[in-house]
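Q: Take a look at the following structure, please.
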Amino acid sequence: MADSTGDHADNQREEELEVESNYKPPPEKTIEQILEADKDDESLRKYKETLLGEAKSGGIVVDSNDPRKVIVKKLALCVAGRPDMELDLTKDLTQLKKQTFVIKEGVSYRIRIDFIVQREIVHGLKYIQKTYRLGVPVDKMTHMVGSYPPKTEIQSYTTPAEDAPAGVMARGSYTVSSLFTDDDKYEHLKWEWSFDIKKDWKE
């Protein structure tokens, strides 16, 4: 049952997920502008064409019904020697917390984000994650994903390895607020999901 306390916690999470930085990103440029700059420098021109790949032809649109430049497809929790645990981020996001991951305490894991970039280059992608237990923030991490050209293929970013908490006090249920944003603080996708820390793996 929803109550005012829950609403307050949700509002607090949204505020805490906002990116605060004094960094001023450079003006955004189109693919054509990037290719036009320094066009007399043959080596630099070839480097940029290689970097941009198929995007140099311009106008790559993977899903014409989706106006976004970044379509976040999937989150995967990756543990060596085990099948990836995946969340489909193209479906109803309100249902994600019903799909709870189980993580063995102390295990080393990585998070992989699969996404598609279409239409234009996206600058300074960031993945921000805040973890809560019983509504109280217990961890926050921000990963610089980078800048990506549009491509027809899915592109991926995998976080560095982290260790899950361990010990009796660490076991229990956690909720996570995730945000995929960029230098312009545009929210490409925001979602919540859940995991349980247990003494051992449970299928």
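The values are calculated or read from the model by the stated rules, or taken from the named source; none is laboratory data. Since the model is a prediction, treat every value here as computed from it, not as a measurement. Cβ placement follows ideal geometry from the backbone for every residue including glycine, while neighbour counts extend to all protein chains displayed.
Q: Which residues, taken from the range 100-114, are crowded, with 16+ Cβ neighbours inside 10 Å and either within 29 Å of residue 167 (Cβ to Cβ) or free of Cβ contacts under 8 Å to residues at least 24 places away in the same chain (or both)?
A: 101, 103, 104, 105, 107, 109, 111, 113
Q: Do you know which residues across the range 136-189 are of a type in the set (Ser, Thr, Tyr) and outside any strand (DSSP E or B)?
A: Across the range 136-189, the qualifying residues are 152, 159, 186.
Q: Further, regarding this structure: Does the range 89-121 hold any residues that are more than 16 Å from residue 190 (Cβ to Cβ) and outside any loop (DSSP other than H, G, I, E, B), and which are they?
A: 98, 101, 102, 103, 104, 108, 109, 110, 112, 114, 116, 117
Q: Considering each residue of the range 115-139, count those that are farther than 19 Å from residue 102 by Cβ and surrounded by 13 or more Cβ atoms within 10 Å (Cβ to Cβ), and give that number.
A: Final tally of qualifying residues: 17.
Q: Quick one: residue 181 ticks every box in (1) surrounded by fewer than 18 Cβ atoms within 10 Å (Cβ to Cβ); (2) closer than 30 Å to residue 116 by Cα; (3) in contact (Cβ under 8 Å) with a residue 24 or more places away in the chain; (4) in contact with a Phe, Trp or Tyr (Cβ under 9 Å, 6 or more places away or on another chain) bar one, so which box is it?
A: All conditions are met except number (1).
Q: In this structure, does residue 172 turn out to be at pLDDT below 95, small (Gly, Ala, Ser) and over 30 Å from residue 62 (Cα atoms)?
A: Spelling it out, residue 172 is indeed at pLDDT below 95, small (Gly, Ala, Ser) and over 30 Å from residue 62 (Cα atoms).
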